[in-house]
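This report refers to the structure that appears directly beneath it.
The values are calculated or read from the model by the stated rules, or taken from the named source; none is laboratory data. As the structure is a computational prediction, the values presented were derived from the model and not from experiment. FYI the Cβ positions are ideal-geometry reconstructions off the backbone, even for glycines, and counts take in every protein chain you see. Side chains included, ligands, DNA and RNA excluded: accessible areas come from the protein's heavy atoms. Shrake-Rupley method; radii C 1.70, N 1.55, O 1.52, S 1.80 Å.
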Amino acid sequence: MASNPLDFLKAIQGLQRNMGDMEEKLREVRVTGNAGGDMVEVVLNGHLEVVDLRISPDVIDRQEREMLEDLVRAAFTDAVAKVKEHLRGEFSSVLGGMPLPPGLFGA
């Protein structure tokens, strides 16, 4: 039994719309991780991007706090970018080289 190619294209267009909606929702998600009795706090969005990072002044020298927060934020962002790139490669090979939907894993 053959499927109607137009129905298939409509289904793909619907999926693309849904993916776009999901992208927006993920950007608005905020999740906070804590360590050391809340002495370190990281806030991520649904794309695993660091939105905020706070380190308690009780943990380190006050003059170095901002620099340390920037370094941790940058290292975390770099690690997430590498994970996303790895996942894009894995999914692309699974899909036989087909392009991934826009926005999937930051693509």
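Computed quantities for the displayed model
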read-out: For the stretch 49-54, Karplus couplings with θ = phi - 60° (6.51, -1.76, 1.60), whole Hz, Gly/Pro x; value: 9, 6, 8, 7, 9, 10
read-out: Of all accessible heavy-atom area on the stretch 1-74, the percent that carbon and sulfur account for (1.4 Å); value: 56 percent
read-out: Cα pair distances in the stretch 21-78, grouped into 5 Å bins until the bin that holds the longest one, percent each; value: 4, 19, 24, 23, 14, 8, 4, 2, 1
read-out: In Å², nearest 10: area of HIS86 left accessible to a 1.4 Å probe; value: 110 Å²
read-out: FRET efficiency, 1/(1 + (r/R0)^6) with R0 35 Å, evaluated for GLN16 and ALA81 via beta carbons; value: 0.90
read-out: Charge context of GLU28, other residues only, Cβ under 15 angstrom, K/R +1, D/E -1; value: -2
read-out: Segment ASN45-GLU64, extension gain: residue separation times 0.36 nm, minus the distance between their alpha carbons; value: 4.3 nm
read-out: Gain on full stretching of the segment that runs from SER56 to VAL29 - 0.36 nm per residue minus C-alpha separation; value: 7.3 nm
